[in-house]
1. Do you know which of the residues in segment 304-320 that are without any contact (Cβ under 8 Å) to a residue 60 or more places away in the chain and either touching a strand residue (DSSP E or B) at 6+ places or on another chain (Cβ under 8 Å) or in a strand (DSSP E or B) (or both) is nearest to G334 (Cα to Cα)?
2. Is it true that some residue in segment 327-338 is hydroxyl-bearing (S, T, Y), in a strand (DSSP E or B) and buried (at least 17 other Cβ atoms within 10 Å of the Cβ)?
3. For E47, only one of the following conditions fails: (1) assigned to a loop (DSSP other than H, G, I, E, B); (2) surrounded by fewer than 21 Cβ atoms within 10 Å (Cβ to Cβ). What is its number?
4. Condition first: out of contact with any helix residue (DSSP H, G or I) (no Cβ under 7 Å at 6 or more places or on another chain), closer than 25 Å to Q48 by Cβ and touching a residue at least 40 places away in the same chain (Cβ under 8 Å). Now tell me which residues in segment 21-37 satisfy that.
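No lab work stands behind these numbers, since they all come straight from the coordinates. Computed from a prediction, not measured in an experiment: that's the story for all the values here. Don't worry about glycine lacking a Cβ; one is built from the backbone with ideal geometry, like all the others, and counts go over all protein chains shown.
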Amino acid sequence: MLALTACCEALILLSPPAHHYGYYDSKRSAIYSFVNTFFEAAAGAGEQLYVVADNRTRRDLSEEYGLNDAIVGVLDDIWIRDFFVTQLSDTTLVRFGYRPMYLNQQEISWIDHSARRFVEQIWPRGEVSLLSGNGPYPCLKDACEMRADSLVLDGGGIVWEPTTLRAVVTERVLRDNPWLVGRLSLSADGLPPRPMGAADPYAGAPAITSADLEHAKSVLERLLAEALSPTNASGINVTVAIVPEEPSAPRLGHVDGICNWLAPSTLALSNFSDPSTFALFAARLAAAFGDDVNIVPFPYYPSSDVWKDGFESAEGVYVNFARTRYAIYVPTFGAPADSEALALVAEHADRPLAVVGVDARAVAIMGGSVRCLSTFLWGATAGGVALIALVLVSILYAHKESWEPRH
C-alpha cells in the first residue's frame, strides 16, 4: 500500500505489463529489473516512484524485489509517457488524443480505454482536460468536423518546459492532425489519418511547407495557452518549435529521441552524425526560441537493431532522460558515451540536481528507455490531491482482483 510520505510534491510513475497482456512476456523479467533499478535510483535521489500494476505483477515485484509501492490497476501498455496525462503546470493536467498511426485500432482501443478509466479513478471531477481542436482556427469544412475530437499526440511527441512555457514537437503532429493547417490529409494517399500499424505510416507523404509549419505553430501555441488559462489565453506566452522527425526512425515520430530540456533555457539536441542534419534541427529550434535557449549537442549513437513489429531500438539515444524535481535520470547502455552524457547533464543543470544513471540496456531494444517508460507529476494539484487520490485507489483495490482483461 502507498504511504503518505512525499505525497505533496512529486511522483514518478511506471506501468510494467499486466499479466493478461502477453506482448511483453519475453521482456517481463527485464522490465521488472528496470523498474527496480529506477526505483532504487529515485530513492537515492530522495524521490518517490510508484508502479501501476495488476495484482499478479504487484506480487511479482514484491516477491522478487521487495518493491511494494504499487497502485493496483491495469494500464494496457508499458509506455506510460505516451498515453497517460501530461502535466503543463502545477495546476494543469491534460490528455492528448491517443491514436498513433504505428499501432492498429484494436491495440489503441485497449490502451486508451485502460488509461481513460484509470485517469477517471484518480481525477474523478474532470481535473484532466482533453486537449481539443475546437476553436476559432480556419480550416476546411470536413477538417473542422474531424478536429472536434482531440489533438492527436503521444506524450513522447512533445517535450514541454513548464517554467518558460516552451515546447518542441515534430512534424508528425501535422500529419496526425492535418486540420491544424486546414487540410484533410498530409498522407501519401490523400486520405485522413487512420491507425494502420505501419512501420513507416507516412512514407511517400508530401513535404510540409514553411507556411504550414508557421500556421501549425500558432495554433498549437494557442491550444496550449488555452489549456493553461482558459479565460486568459491571450495573456499566456507559449512558444512551440516544430522540428523534422528523427532520421532513420520513421515509425514513432516522437521528439524525445531528438531533444529534451536540461534546464528551463537549455535544450539537449541529439548530435546526429551528419552535420547538416544537426544544423537543420538546430536552425528550426533557433528560429522558434532565438538566443533565449542554449542548444547542447548530446551523445547519439543509435543502434540499427529492431524489435517486434519493426520498432527501432532506443539504445544509444541518451536524450531520452527524465528531468524531475530533484534529479535528472539518464539512460545508460554500458558504453563509453555513458560518462559523457552524465557529465553534460551535470554541467548544464540549472540548479543542484542529482544526476543519476539508469541502466536501460535490457529495455531499450523495445523502442524507448527512461523517459518513455515513466511519467512525472508534481505540484499542489498533482502532488497533493492527486497523490492522496492514488492512495485511496490503492486502498480500494488492494484486496480485490484486478479488473478483468478485455482481450
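1. Taking the candidates together, the pick is G316.
2. The answer is yes, given that some residue of segment 327-338 is hydroxyl-bearing (S, T, Y), in a strand (DSSP E or B) and buried (at least 17 other Cβ atoms within 10 Å of the Cβ).
3. If we test E47 against (1) assigned to a loop (DSSP other than H, G, I, E, B); (2) surrounded by fewer than 21 Cβ atoms within 10 Å (Cβ to Cβ), just (2) comes out false.
4. Within segment 21-37, A30, S33, F34, T37 meet the criteria.
A quick yes/no check of all residues on (1) in contact with a helix residue (DSSP H, G or I) (Cβ under 6 Å, 6 or more places away or on another chain); (2) of a type in the set (V, I, T); (3) surrounded by fewer than 23 Cβ atoms within 10 Å (Cβ to Cβ); (4) under 29 Å from A364 (Cβ atoms):
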{"site": "L220", "(1), (2), (3), (4)": "no, no, no, no"}
{"site": "A241", "(1), (2), (3), (4)": "yes, no, no, yes"}
{"site": "P244", "(1), (2), (3), (4)": "no, no, yes, yes"}
{"site": "P250", "(1), (2), (3), (4)": "no, no, yes, yes"}
{"site": "G253", "(1), (2), (3), (4)": "yes, no, no, yes"}
{"site": "S276", "(1), (2), (3), (4)": "no, no, yes, yes"}
